[in-house]
Structures are given as C-alpha cells and as structure tokens.
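No lab work stands behind these numbers, since they all come straight from the coordinates. No experiment lies behind these values; they were computed from the predicted model shown. Cβ sites come from the backbone with ideal geometry, for glycine too, and all protein chains shown count toward neighbours.
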Amino acid sequence: MKRIYMNQLPEHFNEEVRVDGYIDRIRDLQYVQFIVLRDKTGKVQVTIEKNEENKEMNDFVSTLTAESTVKVVGTLSENEKVKLNGYEIFPKNIEVTSKSDPDLVFNYKDEQSAMTDTRLDYRFLDLRNEKHALIFKIQSYMVKLFRDFLYEQSFMEIHTPKLIGAASESGSEVFEVKYFDRKAYLAQSPQFYKQMAMSSGFERVFEVGPAFRAENSNSNRHATEFTSIDLEFSYIDSFYDVMHMEQEMLIYMLKHMKETYGEEIKNVFHTEVIVPTKDFPVIKLSDLYKELEKRYGYQIPEEDVGDLNAETEKLAFKFAMEEYQSEFLFITDFSKAKRPFYHMRENDVPQGYDLIWRGVEITTGAQREHRYDVLKKQAEEKGLGDDVKFYLEFFKYGCPPHGGFGLGMDRLTMLLLELPHLREAMFLYRNPSRLTP
Ligand code: AMO
C-alpha cells in the first residue's frame, strides 16, 4: 500500500490509508489510547479505543516509545471533536519500523532545555524541532529562487574542484591537506575557476558549493566551512553591472520568499521579509567613514583603514536605514592594499564592492582584471608568483571583460531570519573547535 503524507490526508476521508512517521507523543488513558504521528508535512492523531476486541493492539501500544518510527494502516475519519485537524485514524495495523530509546538526550522541542554544545552534538535530534527544520526548508527555497533567477538570466551551473594546488584568496586562511606525496589546499573560493569559465567562453556561470577558511575566529558570522553562491559573467562594462545583477537577484529572492514564507517567517522568527523597492544605495568607503564619524562619533582603527570591520558594518546599516531607509548598502572604493590582486583598478582604486545587509557583509564582488600584463603585475606586487602561474595563463589567449561576486548562503539565511548565530543557519556547523558530527 502506498504511503501518503500527512498534508494529503484531507483528500482521503473514509478511506483506508497508510501513513509513516515518528511518534510525536502518546497518551495512554483509561478508555482510549492516542498516538500523535508526525512526518515532514504535518501530524495526525491515531485513536485506539480500549476494549476486548482491540486488546492485542492496546497491549502493543502500551509498549511504544515516543520518537520511534511506525507504519500505520487504518481508516481516516472526520471528527470535529479532535483538536488536531478535526480528523483521526482508526488503525487496523501498527508496525514499528525503528524503536527509539525512551530517554532522549534532551527535549528537542524546547530550545532552552539544552546547552548549545549538546544541541549541536545531537544535531539530528535538534533538527526535529519544527522551528529548526523550517530554517532549512527556507534555505532550500532561497537557493532554488537564486537558481531560478540565474537560469532565467541564462547562467549555467558549474562545479569546480575543492582540492587545489595553490591558495586562491590569500595564503593565511587556507587549510593544507596531505595529497599523496605533496601538499594540497582546500578551496577558499571558486574564484580562479569561475574566471576560467569566462576564458572558456561560457559567458555566464554560477556555483553553489563549499568554501573553506582556516579562520580561527569565534564570531557569530564565521565558519571554517560555509556554502558560497558564486557567479561570474562576461562582457560587462563596469563593476556597476555586477552590482546591478546582484541587486536584481536579491530582490527576486526576497519578493518570492515573502510571498511563500513571509507570514510563517513573521510568526515563527518574528521578523519581516522586506522587499526593496528602490536601487540599493552606494557609498564610497571614505565617505562612509566620514558619515560614521559625524553621526555616531565612530573612528575606524588604524589597522582597519581601507577596509570594513564588524563595528563599521553594524553602523553602516544604521546609516543606510537613517539616510536611505534601505536595509542594503553597497560600499565601493576600498584600498588596493586590502583587496585581492585580481580586482581591476582604475586610478589605483579597486573596481569592486562589498554589500552590507542588516549590518553584516554578505558579498564581495568586482570587475576582474582581464588584461594579462596588468594582472601579472598586480599579482607580483602582492608577492604572488608561481602559485598563480596557471591562473595567469587563462588571460593569455583571449578572455572577455568580466566580473562577479560571492554571496555567503549561511549568512544570508541567518540575516533573513534574524538568527543570533551562523551555526543556527548551518545544517552542521564547523568552527575551530567543532569537527563532529
Ligand atoms: P569573500 O572572501 O568576501 O569574497 O567571501 C564572499 C562571501 O562569503 C561569505 N563568507 C563567509 N561566511 C561564513 N563564514 C566565513 N568564514 C566566511 N567568509 C566569507 C561572506 C562573504 O561576503 N572570491 C571572492 C568573491 C568574488 O569576488 O567573487 C570572495 O571569496 O558572505
């Protein structure tokens, strides 16, 4: 008999149905037994009257434990007295498909009942919490919307290697791995390879994949492995084309997200999905510094000049809300010392940007330097030699002007739902002290 999902039950009143799921709770009363079953789509009450005829089943139900999985076949009946949905199943047969230990490590239904480390150690239980599971349904939908948008814009999806021979972004935050008799590294970004696709004439590519950073940080926004949504496209005129593409992609996502999950996000996470109606404001970094000093008396520490830091990002959001009523802010004109060698420069200013949303950097993007000689010089200036030799080859035999950006999927999820920490937005979180499960 074919299994049906809980949310399809209303189409099957007075029929024999089969449902499979977890036992959410059991109530064993004097005259009746109730089992609430749950699957990923919802719940249903299974009702077993206590009588002579049902004796065997009654005894069996008394042995069941919550969180076991069962297969139930029975008749679905409408009954307005049933508080859960107004219908119930009278079972003909109940079969245990997996028995749960009755002593759960913690009560996953109550977020506050366990230490964070326990929750993460037993993440599989933690994700049975409806709210926590919802985060990943929303994340999945978010990535689907990005994919839909990008396919509509004639992008294609590629898959680049994560085991690489040389560090891609900067040497310091790279994981080294033993690769037979030599060293390899885990990719910090698909940067070089998405650009290679431009040199292959693919014109428009994207990738959703893992990125690794040996970031020894315990901030609420850094993980050592995260998922990056990267794209790259050719024949652009300037990095403003890249910013525009990103703006359109985010607005598309937020619009559809609001339509589908807006209410649920409001009810469960107590936050509003806001769809921007204007172009995202743009400000030069030096002008932002001035504004933050004038408005909030904030001065950027010497070591961060030319770049952003966590405090600047937070205040940049405050500024963008006050000045432009925008949750988003593009920041341009970073110092070349703080930006990678592959950003195109004009009058020595990198042609790239960061995008801040709700006080956190979600993206770096840029027009790339595609002129071989200039790129080679910029790489040498940063002390990069043999490591990028293979990469420089991409630009020797014709490569169109191009640009792109990298967007942190986990950060985006965290900000969309206003979660307090990146780990809540990650199926499994990795930081310097966490490698299991
Ligand atoms: P960048 O290093 O800024 O740019 O990374 C892009 C985006 O990835 C996310 N991110 C992280 N998320 C979680 N944990 C981390 N440790 C972490 N580090 C980065 C952020 C960030 O904005 N190659 C360029 C992109 C490009 O120019 O196309 C790059 O990797 O959301």
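Observations on the structure shown:
- Highest to lowest packing among 25-33, 209-217, scored as the average C-beta count within 10 Å: 209-217, 25-33
- Inter-part distance where region 101-127 and region 142-202 are each reduced to a Cα centre, Å: 35
- Unsatisfied cross-links (Cα-Cα over 20 Å) in the set Lys2/Lys109; Lys40/Lys81; Lys2/Lys40: Lys2/Lys109; Lys40/Lys81
- Here the mean projected area of the convex hull built on the C-alpha positions of region 342-415 is 6.1 nm².
- Helix-only CD estimate at 222 nm, as mean residue ellipticity for the chain, using -39500 (n - 2.57) per DSSP H run (n ≥ 4): -9500 deg cm²/dmol
- With Cα atoms as the point set, region 1-135 shows a radius of gyration and Dmax of 15.6, 48 Å.
- Our note on the geometry: Cα centres of region 42-75 and region 393-437, 46 Å apart.
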